[in-house]
Structures are given as structure tokens and as C-alpha cells.
1. With respect to the numbered conditions (1) modelled with pLDDT under 95; (2) surrounded by 15 or more Cβ atoms within 10 Å (Cβ to Cβ); (3) not β-branched (Val, Ile, Thr), which one is the sole condition not fulfilled by ALA103?
2. Collect the residues in segment 13-51 that are surrounded by fewer than 18 Cβ atoms within 10 Å (Cβ to Cβ) and more than 16 Å from ligand 2 (Cβ to nearest atom), keeping them in residue-number order.
3. When you look at THR195, is it open to solvent by 10 Å² or more (accessible area, probe 1.4 Å) and either under 23 Å from the mean Cα position of the chain (by Cα) or away from ligand 1 (no atom under 14 Å from the Cβ) (or both), yes or no?
4. Got at least one residue in segment 387-410 being free of Cβ contacts under 8 Å to residues at least 24 places away in the same chain and at negative phi?
5. Kindly provide the set of residues from segment 460-489 that are among the acidic types (Asp, Glu) and open to solvent by 50 Å² or more (accessible area, probe 1.4 Å), ordered by number.
6. Answer yes or no as to whether ASP109 is over 19 Å from the mean Cα position of the chain (by Cα) and open to solvent by 30 Å² or more (accessible area, probe 1.4 Å).
7. Got at least one residue in segment 303-316 being crowded, with 21+ Cβ neighbours inside 10 Å and either at pLDDT 95 or above or not charged (D, E, K, R) (or both)?
8. For residues in segment 67-87 being buried (at least 21 other Cβ atoms within 10 Å of the Cβ) and not aliphatic (A, V, I, L, M), which is nearest to ARG280 (Cα to Cα)?
Amino acid sequence: MTEDLAQRADIGPADGRGDRSIVEVFDTTLRDGEQTPGVGLTVREKVEIARHLLRLRVDVIEAGFAASSPGDFEAVRAVASEVGGGVGVASLARTRHEDIDRAWGAIRDAERPRIHLFLATSPVHMKYKLQLTEGQVLAMADESVRYAVSTGAEVEFSAEDATRSEPDFLCRVFDRAAAAGAHVVNVPDTVGYTTPAEYRRLVRRVMDHLRPRYPGVKISVHCHDDLGLAVANTLSIITVGIDQIETTINGLGERAGNTPLEEVVMALVTRHEFYGRLTRVDTRQIARVSRLVSKLTGIPVQPNKAVVGANAFAHQSGIHQDGVLKQPLTYEIMKPEDIGLSGNSMVLGKLSGRHALRQRLADMGYTLAPARFERVFLRFKEVADRKRVVTERDLEALVEDEIRDGPETIALDSFHVVSGNGAIPTATVRLKVGSESRQEACTGTGPVDAVFRALSQAAGVAPDLRLADYSLKAVTSGEDALGECTLRLESGGRTATGRGASTDVIEASALAYVKALNRLLESGAGKEVASS
Ligand code: KIV
Ligand code: ZN
């Protein structure tokens, strides 16, 4: 089914704004999604996610907000220069020349650079946040769009808090932006306040106002989920004929999050006879991208989440199981294969060599630098020795362990644990901290706690270091499954996630802890770590 639809999505008549049967996807996982509390992606992680978004075939990747920090500038620049394939790469910018210059500096190497300007238009934002009059906002929209267009980039103009703006004023602002050369205007429901019928009415009004005057300007929608209506609001305007939807993977984003890409895309595929429009997304990549984003951000996907939750295709009750066995269509409106859920077969064994592993990783969308590949290969050999079969999920866990940049100041050399009922759990660890070797032993409430205490002491921990989150799950089923640990450490107001995978769950936990310590050090929050 997906194959046919994907093919149909590629063809069709084109007009000034492109193929009307297609709605474009502007993915903002790396910008609005990264604004999820507790999430902070490294440059390498952003590039890896962007590569997978390209495979997913989104139309535009919003890679960050270049003027917000040197780290974000670098991440946007890296995505723009390393991810080709004809995808648009956007940077957010306020309507100031310095922001526009930073955005352009970061995206200029992209095949399709886009500057995404935003300016609030609601009375509450203009009065309290901006302290600007309507006339000043109109002038700023006009001037900033002209300046951004002069760089040669595509320009998108977002009227922040559009759904609480006065509709006539909103249309006037969009008019000025379009007259100044904006290629796309966006109608964000910034605080997740609107309802489907109301949003549809507002977007229609904007459209009726703009289309006769500026037929080539694309209209976009961007929803937040504060009232749980982001998907409903986004879908409500599909048949109105908008050009672009803005989404994030797994619905990540500020507060309650943004519109989840996977839900809207699968609604359009599954109810194509109703909506009559599709995206260019290759739905078979959805499950993998969802897992990647969840692992790299450290934000788990709830089991009952639509489309990508662990239970989305599980049938618990006897009546349902019986029905599905007789005919899957009784209770399944989508097939697991449509989102790429069937590719977890045995892929490699302990006799497989570098060439086979490299090829398999390339098929899965990973290209690793030689040193990283070598580390993954060694880990793969270790796992293949302990497990009978190494699946795609196992490989994902090993590779995602490696996707990070920055120096590994601290490395786990060895650990030893004594535990059992009747024994006080005790761990001895040896760390390499720079060129120095450090060893510590500690007791704890359990073996993992004992290892964490010993690691903290050996690293010379900052007094406020705190384990904020810890989760452990099996990557695949079976007794020899890889255990994957994701945890979050907090220190000095910063947080860092770490992941580790091993057939030994204590080793997986120790590896994750050391990764997070390194990231804290890198971010400057762990200054006291490792200095004792
Ligand atoms: O929610 C919002 O208004 C935004 C804009 C920057 C588009 O994210
Ligand atoms: Zn937003």
C-alpha cells in the first residue's frame, strides 16, 4: 500500500506552488523539538537525525536557531553543509539584522537555504512582550523580510501567536510580508489554543486574502498540543488547500509538544479517500526515525502513543486477537510494515566482517567516520560473541551509542560488582581520566547504585551531581537480548543524557553514566568533575 501511495505522491500536475496533491512537510524536531525541557542535542546528533529526516523525505529541516548560541550556529551550519539531497535547511531568526546575518551565515551552504523569521502579532504579545504598536510590527515585518530576501535564501515569515491575533491585522501583516518577498507565510497556533473549526476558518481567511494577490506564496500551519488538539488542528486545514505543515518526530516540542509528523502522515495515508492529499514522506522510515529521536533526546515514547508506541500494533484481548488472525483488517487500520516495523530480522553473525557490517549500516542509513566505525565493529564482535544473532535493533543500539561528538575525557576501563541477597552491593571501578588511571570502590543500595557511586567518586564529582532519570529496557526479546540504558545527569543547572548498550545491564548502565559525565564536562557543567 505504502509503495503505491509513495509513487502516486511523486507525480501530478504542478502549478505556481507545486503539486496540489502534495502537502509539504517542514520538520522542526531539531529546533522546536529541541526546546523540549531536558533535551540538548550535540552537533553530531543533529546531523545524524537530519540524515534520517532526509531518508524520511521531509521537504524542509529546521536545524535550529543560529543566533541563539554558538552551539546552535554550529549545528545549523553542519546540517546545512553535510546534508544534501535537495532538502531545504532552515534556521529560525528574529526580525533583526544580526539574527538574519547569523541565520544566513549558518545555512548559506545548504542546497535550499531558508530563513524562518518570526514576529508576534497578537495583542498580548505586542503589548507585553514586544512593547510595539501595530504600525511598528507592520514595519518590522516588511523591513526584515526585505533584508532576509536580499540574502538569496527562501524566506518564511511566521506570525507568532497567530491564533490569538486579530484576523484583519494578521492579514495585513502577511500582506506586508508577501509584498516584501516572503516565499512562505506561517499561521502558528503558538500556545495550542485554537480548535479545528476555528483554525480552519482563520487559515481560510488568510488564504482568501493572500491567494488572489500573491498566488505563488505558500501558506503553512504550525500547531502545539497544549489542549491535545495539534493533530486535529493540523488535519482540519488539509482540505482547505494549504501548502505546508510543520511537525516534529514523536511530537516533541515546547510544553505539550508540536504536531507529531508520524500521526499526520499516517492519517493522510490511511484516510486518503477522505483527505485526497499526501506528503512525500517514505512512511517505512517512520519507526526507525522515531526510535533514533527517542534515544538521542532521551525522551521515551509512551507505549500507547499513536503509530509509534510499543502497543500501537499489539492486540491484547482474545476477541481482537482472534479477529486479527482471521483477517488483519478487522482491527488493524495500518500495517506494521507501512511504518517499517518488520525489518528486525537476523542480519549478521559472529563470522561477519567489516565489509558486511559497513554495508548493513549503510542500508540502515548510517555512515560512520572510520574511527567510529572501528569502535562499532569491535562492539559488534563482542555482542556477536555473546548473542547468537545480531539484529537491526541491536546494531541501532550500538551505533547510537557512538553518535556523539566531543572529547571522551573519561573512559570506563573495568568494573567489578559483588551483589546478592544477604550481601552489601559493592562495586569497584577503574576509569581513565585523561592520561590518569583512577580506581574506587563503593557500596550502594543495589549493584547499579554502587557502580554509579564508584564512578562519581573516581571521576571526582561535582557536589550537586544528580541522577535525574534512569531507564533500562531490552532492545529485543529473548534471554540474550541487549539491555539498553538511558539516563540523565544534572549538575550546575545543566543536564546531559547518556546511553549504553550491552548484554550485561550493569555494564550498559555504567557506559551510559560515563557518557553523560563526558557530556556534562563538555558543556562546562562538570568543571569539578575529573579535576580532583
Ligand atoms: O510556535 C511558534 O509560534 C513557533 C514559531 C517560531 C513558528 O515555533
Ligand atoms: Zn512552535
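The values are calculated or read from the model by the stated rules, or taken from the named source; none is laboratory data. It should be emphasised that the depicted structure is a prediction, and the values quoted were computed from it without experimental measurement. We place every Cβ from the backbone using ideal geometry, glycine too, and count neighbours over all the protein chains shown. The area values use the complete protein model at the heavy-atom level, side chains included, leaving out ligands, DNA and RNA. Shrake-Rupley method; radii C 1.70, N 1.55, O 1.52, S 1.80 Å.
1. Result: ALA103 fails condition (1) only.
2. PRO13, ALA14, ASP15, GLY16, GLY18, ASP19, ARG20, SER21, GLY38, GLY40
3. For THR195, the condition - open to solvent by 10 Å² or more (accessible area, probe 1.4 Å) and either under 23 Å from the mean Cα position of the chain (by Cα) or away from ligand 1 (no atom under 14 Å from the Cβ) (or both) - is met.
4. no
5. ASP464, ASP469, GLU479
6. When the stated conditions are applied, ASP109 passes them.
7. For segment 303-316, residues crowded, with 21+ Cβ neighbours inside 10 Å and either at pLDDT 95 or above or not charged (D, E, K, R) (or both): present.
8. By that ranking, first place goes to ARG77.
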